[in-house]
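The next block holds one structure in the form of structure tokens; read it before the comments.
Bear in mind that the values in this text are calculations on the coordinates, not laboratory data. This structure is a prediction, so every number in the text was calculated from the model and none was measured. Methodologically, a virtual Cβ is constructed for each residue, glycine included, from the backbone with ideal geometry; neighbour enumeration extends over all protein chains shown.
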Ligand SMILES: Cc1cc2nc3c(=O)[nH]c(=O)nc-3n(C[C@H](O)[C@H](O)[C@H](O)COP(=O)(O)OP(=O)(O)OC[C@H]3O[C@@H](n4cnc5c(N)ncnc54)[C@H](O)[C@@H]3O)c2cc1C
């Protein structure tokens with residue numbers, strides 16, 4: 001089985017700071033990590049490989065040259081091959097342009113049975129890229145996958161809903177987007193780390209993947225983020241005093257009446 005996993009290098013959000021004057025992310029000194037949901041996507045691919053040793057797991061990312069480090073980590077976890085789509089022509093791509101490039105990269109990889117992606121990237125946060133790749137490759141998709149089972153030539157998945165789940169059955173090739181409930185990603189092994197450090201990570205340009213250059217990059221992107229900012233912290237709030245539930249409720253109602261809210 002051939003599995004492709006789309007992985008994205010993202011800033012560690014706990015440390016994200018925004019320059020209040022320019023509204024841009026301050027990236028200096030911010031650690032870059034493998035996007036959380038993508039680690040779950042990779043783990044699922046590796047679990048298939050654990051039970052079907054003839055499985056090949058290829059990770060693909062589009063990003064700057066530094067994304068190679070994340071790809072090395074993916075190999076250290078157990079991926080077989082890694083591809084980096086990196087080219088000035090691809091820079092500034094929005095989700096539509098990103099999925100054009102990734103779909104073209106996946107086509108160049110060749111035959112695939114399963115394509116895994118994370119549900120959502122913690123920086124861009126749109127959850128659009130996985131479904132868009134499926135559309136562009138013309139294959140079925142299931143998003144929000146929380147359970148996965150291979151049964152002969154069929155796949156059984158549990159798809160998370162807000163108030164329950166759906167059970168779906170489908171056949172490869174297809175795209176599945178993973179959420180954190182799917183599994184617990186494994187750690188890199190020592191052997192894997194050595195393999196990752198020596199891995200030959202292929203870097204493909206826009207020309208290499210044969211993508212129409214009018215469909216990638218900043219200029220081709222139909223959407224733009226004009227400004228991003230950190231909301232100012234709100235006031236510290238009001239604590240309602242009272243010794244009993246009744247007293248608390250009465251004081252709350254009194255406070256709301258005083259403010260003409262009720
Ligand atoms: C400061 C800033 C400015 C931005 N400006 C714009 C803008 O103007 N217009 C716009 O539409 N977007 C913009 N983005 C979003 C950026 O283009 C997206 O990161 C990119 O298009 C992917 O979208 P996403 O991060 O929302 O991914 P999602 O759709 O949330 O990602 C879902 C999954 O798709 C896969 N995936 C996503 N991106 C990649 C990748 N590069 N390589 C491999 N797999 C991937 C991963 O598996 C991921 O878990 C901006 C983001 C930032 C942080």
Suppose R0 equals 30 Å. What FRET efficiency, 1/(1 + (r/R0)^6) with r the Cβ-Cβ distance, do residue 52 and residue 187 give to the nearest 0.05? 0.85
What distance in nm separates the two pseudo spin-label positions at residue 223 and residue 156, each 7 Å out from Cα along the beta-carbon direction? 3.5
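Can you give the helix-only mean residue ellipticity at 222 nm for the chain, where every DSSP H stretch with n ≥ 4 adds -39500 (n - 2.57) and the sum goes over all residues, rounded to the nearest 500 deg cm²/dmol?
Calculated mean residue ellipticity at 222 nm is -9000 deg cm²/dmol.
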Can you tell me how much longer the chain between residue 180 and residue 1 gets when fully stretched, taken as 0.36 nm per residue apart minus their C-alpha distance, in nm with one decimal? 62.1 nm
Please work out the C-alpha center-to-center distance from the stretch 187-262 to the stretch 68-119 and express it in whole Å. 23
Förster radius 22 Å - calculated FRET efficiency between residue 26 and residue 66, Cβ distance, rounded to 0.05: 0.85
A chain fully extended from residue 108 to residue 232 at 0.36 nm per residue, minus the present Cα-Cα distance, gains in nm 40.0 nm
Residue 126 to residue 203: FRET efficiency via 1/(1 + (r/R0)^6), r the Cβ-Cβ distance, R0 30 Å, to the nearest 0.05? 0.75
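Rounded, prolate or oblate: which fits the stretch 111-156, taking a ≥ b ≥ c as square roots of the Cα gyration tensor eigenvalues, rounded meaning a/c under 1.5, else prolate when a/b beats b/c?
Since a/c reaches 1.5 but b/c is at least a/b, the shape of the stretch 111-156 is classed as oblate.
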